[in-house]
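The values are calculated or read from the model by the stated rules, or taken from the named source; none is laboratory data. Here the structure is a predicted model, which means the values were calculated and not measured. Glycine also receives a Cβ, built like all others from the backbone with ideal geometry; neighbour counts cover every protein chain displayed. To get the accessible areas, we keep the full protein, side chains included, count just its heavy atoms, and leave off ligands, DNA and RNA. Shrake-Rupley method; radii C 1.70, N 1.55, O 1.52, S 1.80 Å.
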Amino acid sequence: MQIVPVVSVGGQETALFLSRGNSIARGLGLDRLFRLKVLPISLRCPWGLNVGDFLGHFPLPAKITVEVLAPIDLREEFGPDPGPG
């Protein structure tokens, strides 16, 4: 059994975030009802001010780098039974 690590960097630059919205999520009770700790507020096309990205958006151009790392062989690394416990 193998795990192939994949890393992606740059997607956070496709929007202009104004706030994570921690206090808004807590104030609306979203942390208790839906286990949402943040409700991000951002500026995004075509809506302007966007709360939580419920309406979707057109991403800003950004350089996104994706790198596939070397596979990790679990049996080689942890023995014949790499399961939990």
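Data overview
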{"quantity": "Cα→Cβ-extended label distance, 7 Å offset, between Phe58 and Glu77, nm", "calculated": "4.2 nm"}
{"quantity": "Percent carbon-and-sulfur accessible area, the chain, ignoring ligands, DNA and RNA, probe 1.4 Å", "calculated": "62 percent"}
{"quantity": "Within the chain, helix-based [θ] at 222 nm, where runs of 4 or more DSSP H residues each add -39,500 (n - 2.57), nearest 500", "calculated": "-3500 deg cm²/dmol"}
